[in-house]
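The values are calculated or read from the model by the stated rules, or taken from the named source; none is laboratory data. Owing to the predicted nature of the structure, the values given are computational and were not obtained by experimental measurement. Cβ sites come from the backbone with ideal geometry, for glycine too, and all protein chains shown count toward neighbours.
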């Protein structure tokens, strides 16, 4: 099963083969965020802003092979801001900066 995320702070699980799934409530398109996604609580505005930024950059939560997870993803607004500043300073894509772990950011 693939996890698909709705923009309206809700989650629906559908078979991974549904690449162009629509929200059952509003019929808008959904994003295949991956099965390793940890969805924030519905009222956690900061968590949803972080998740929106990560997914909007093109990153997902699909795992790698051999049981590995998707790699580093920021969990707080501070981490997102830190990586967005890094992307601007270094001239690298936002998705690359958001996927950098703390040790890579600290060395900048």
Picking from 37, 55, 59, which residue would you name as being touching a residue at least 40 places away in the same chain (Cβ under 8 Å) and in contact with a strand residue (DSSP E or B) (Cβ under 9 Å, 6 or more places away or on another chain)? 55
Note on the stretch 46-75: residues loosely packed, with under 12 Cβ neighbours inside 10 Å and at negative phi are 64, 65, 68
Qualifying positions in the stretch 10-39 - at pLDDT below 75, closer than 20 Å to residue 70 by Cβ and not in a loop (DSSP other than H, G, I, E, B): 11, 12, 13, 14
Kindly indicate whether any position in the stretch 72-84 is at pLDDT below 95, within 18 Å of residue 32 (Cβ to Cβ) and more than 12 Å from the chain's Cα centre (by Cα). no
